[in-house]
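For reference, the structure discussed in these notes is given below.
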Amino acid sequence: MREKGKTTMQGCATAAAALAKKILAQERLSLDEALALWDLDLLTLGRWADYIRRQRHPEAVVSYVVDRNINYTNICVSGCRFCAFYRPPGHPEGYVLSWEELERKLAETKALGGTGILLQGGLNPELPFSYYEELVRFIRQAGLMVHGFSPPEISFFAKSFGLSLTEVLERLRAAGLNSIPGGGAEILVDRVRSQLAPGKGTAQKWLTVMATAHALGLRTTATMMFGHIETKAERLQHLLRLREVQDHTGGFTAFIPWSFQPGGTALGGTTTDVVDYLKTLAIARLVLDNFANLQVSWVTQGAKVAQIALEFGANDFGSTMIEENVVAATGVGYRLSREEIVRQIEGAGYLVRQRDHLYRPVERQP
């Protein structure tokens with residue numbers, strides 16, 4: 001038994017050495033090689049991810065954006081089992097944001113130095129397409145960028161109004177849409193999606209929206225919500241599908257993984273632990289070799305874990321999130337001011353750079 005254990009350990013060491021050689025040479029990892037990463041210890045993964053991050057970003061700068069998440073409606077027909085925010089049509093707690101309230105939110109965002117709005121909402125069957133065009137124009141007229149409408153929303157618009165994806169995106173871009181957030185990806189594996197959110201469509205539909213947007217010149221982010229019913233292999237399938245699209249389009253600006261928060265959801269369960277979060281982040285940096293930016297998730301992990309995540313492949317601290325409603329609906333209440341984000345970045349030994357939604361540096365606002 002002792003000899004067998006020794007042989008197994010030697011085999012693991014050999015496999016790890018082979019992976020290390022390939023990673024340090026910045027060669028692309030296969031699915032099987034990526035699967036082997038889960039068996040390695042956390043600190044080894046962290047060292048490798050940090051090495052790749054520093055090759056990609058040798059200037060040792062961490063960026064962040066000052067913006068606000070505005071959810072224009074919580075009325076939704078998708079019925080996602082992991083969401084505690086939505087309300088079905090006719091529910092007394094359902095809302096559509098008034099123009100007066102939107103104007104107040106925009107003015108407050110600008111006063112706090114914000115440069116844009118992350119605009120998302122439920123799949124609301126009661127709103128005309130003209131509403132969304134007017135919504136974008138209203139925000140742009142206030143002098144703010146619009147990072148808006150996730151792929152499920154875009155698909156919903158196309159189906160509801162008898163338009164092609166290209167027609168929807170062209171009309172929104174004409175209204176002033178700047179970029180598209182990566183929400184609604186969850187896990188890009190249909191086995192998982194059919195159980196979590198059957199109303200959101202297939203993985204291929206999500207990817208097709210993004211590829212169509214990229215072809216029209218719209219940049220987008222990509223997300224992954226993990227730690228629920230998916231396997232480790234399915235997390236990697238998600239990453240590889242993103243990597244494949246990026247090979248063809250180059251349109252993704254950043255990858256943002258965040259852990260499932262079960263509070264108040266129909267899915268229930270428990271959230272993943274810090275080790276799993278950091279491992280997932282590090283593996284994402286190693287697998288997504290064609291993504292420039294990797295963002296921490298302080299809104300689900302808190303400030304200190306987010307600060308540690310900067311040593312596990314991340315180079316962006318995300319948003320100040322002047323307002324955030326979806327994660328907050330699960331009972332998770334982490335909040336960080338711009339000053340605190342700056343303090344966390346500098347405390348980790350990095351220079352700070354404010355950016356916009358397209359990852360372009362901006363002069364820090366008053």
Of all residues in the stretch 239-261, which are surrounded by fewer than 18 Cβ atoms within 10 Å (Cβ to Cβ) and assigned to a helix (DSSP H, G or I)? LEU240, GLU244, ASP247, HIS248, THR249
Among LEU19, LEU24, LEU97, LEU42, the single one that is hydrophobic (A, V, I, L, M, F, W, C) and modelled with pLDDT of 95 or more is LEU42
Selection status of PRO89, assigned by TED's automatic domain parsing to the domain that holds PHE260, surrounded by fewer than 16 Cβ atoms within 10 Å (Cβ to Cβ) and not hydrophobic (A, V, I, L, M, F, W, C): yes
Looking only at the stretch 275-305, and only at residues there that are in contact (Cβ under 8 Å) with a residue 40 or more places away in the chain and assigned to a loop (DSSP other than H, G, I, E, B), the one that is surrounded by the fewest Cβ atoms within 10 Å (Cβ to Cβ): ASN290
Which members of the stretch 306-343 meet the condition of being under 19 Å from LYS105 (Cβ atoms), over 16 Å from the mean Cα position of the chain (by Cα) and modelled with pLDDT of 55 or more? ILE322, GLU323, ARG335, LEU336, SER337, ARG338
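How many residues are among the polar types (S, T, N, Q) and part of a helix (DSSP H, G or I) if we restrict to the stretch 104-138?
Kept after step one, since they are among the polar types (S, T, N, Q), are these residues of the stretch 104-138: 109, 115, 120, 124, 130.
Then drop every residue that is not part of a helix (DSSP H, G or I), which leaves 109, 130.
Counting residues in the stretch 104-138 that are among the polar types (S, T, N, Q) and part of a helix (DSSP H, G or I) gives 2.
Please go through the stretch 26-51 and give me each residue that is of a type in the set (A, V, I, L, M) and closer than 11 Å to ILE283 by Cα, ordered by number. Steps first, please.
Within the stretch 26-51, the first condition is being of a type in the set (A, V, I, L, M), and the residues that meet it are 29, 31, 34-37, 40, 42-43, 45, 49.
LEU29, ALA34, LEU35, ALA36, LEU37, LEU40, LEU42, LEU45, ALA49, listed by residue number.
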Report yes if PHE252 is farther than 27 Å from LYS159 by Cα, hydrophobic (A, V, I, L, M, F, W, C) and within 14 Å of the chain's Cα centre (by Cα), otherwise no. no
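Among the candidates SER130, SER63, single out the residue that is out of contact with any Leu (no Cβ under 8 Å at 6 or more places or on another chain) and either surrounded by fewer than 15 Cβ atoms within 10 Å (Cβ to Cβ) or free of Cβ contacts under 8 Å to residues at least 12 places away in the same chain (or both). Walk me through how you get there before you give the answer.
Working: SER63 fails: either surrounded by fewer than 15 Cβ atoms within 10 Å (Cβ to Cβ) or free of Cβ contacts under 8 Å to residues at least 12 places away in the same chain (or both).
After applying the criteria, what remains is SER130.
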Quick check, is SER297 at pLDDT 90 or above and either assigned by TED's automatic domain parsing to the domain that holds VAL66 or hydroxyl-bearing (Ser, Thr, Tyr) (or both)? yes
Pair list, Cβ < 6 Å and 6+ apart or interchain, from the stretch 200-215 residues that are in the same structural domain as ASP247 (by TED's automatic domain parsing) to residues that are outside any helix (DSSP H, G or I) and at pLDDT below 95: LYS200/SER78; LYS200/GLY184; TRP206/ALA185
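The values are calculated or read from the model by the stated rules, or taken from the named source; none is laboratory data. Please read these numbers as outputs of a predicted model, since none were measured by experiment. Methodologically, a virtual Cβ is constructed for each residue, glycine included, from the backbone with ideal geometry; neighbour enumeration extends over all protein chains shown.
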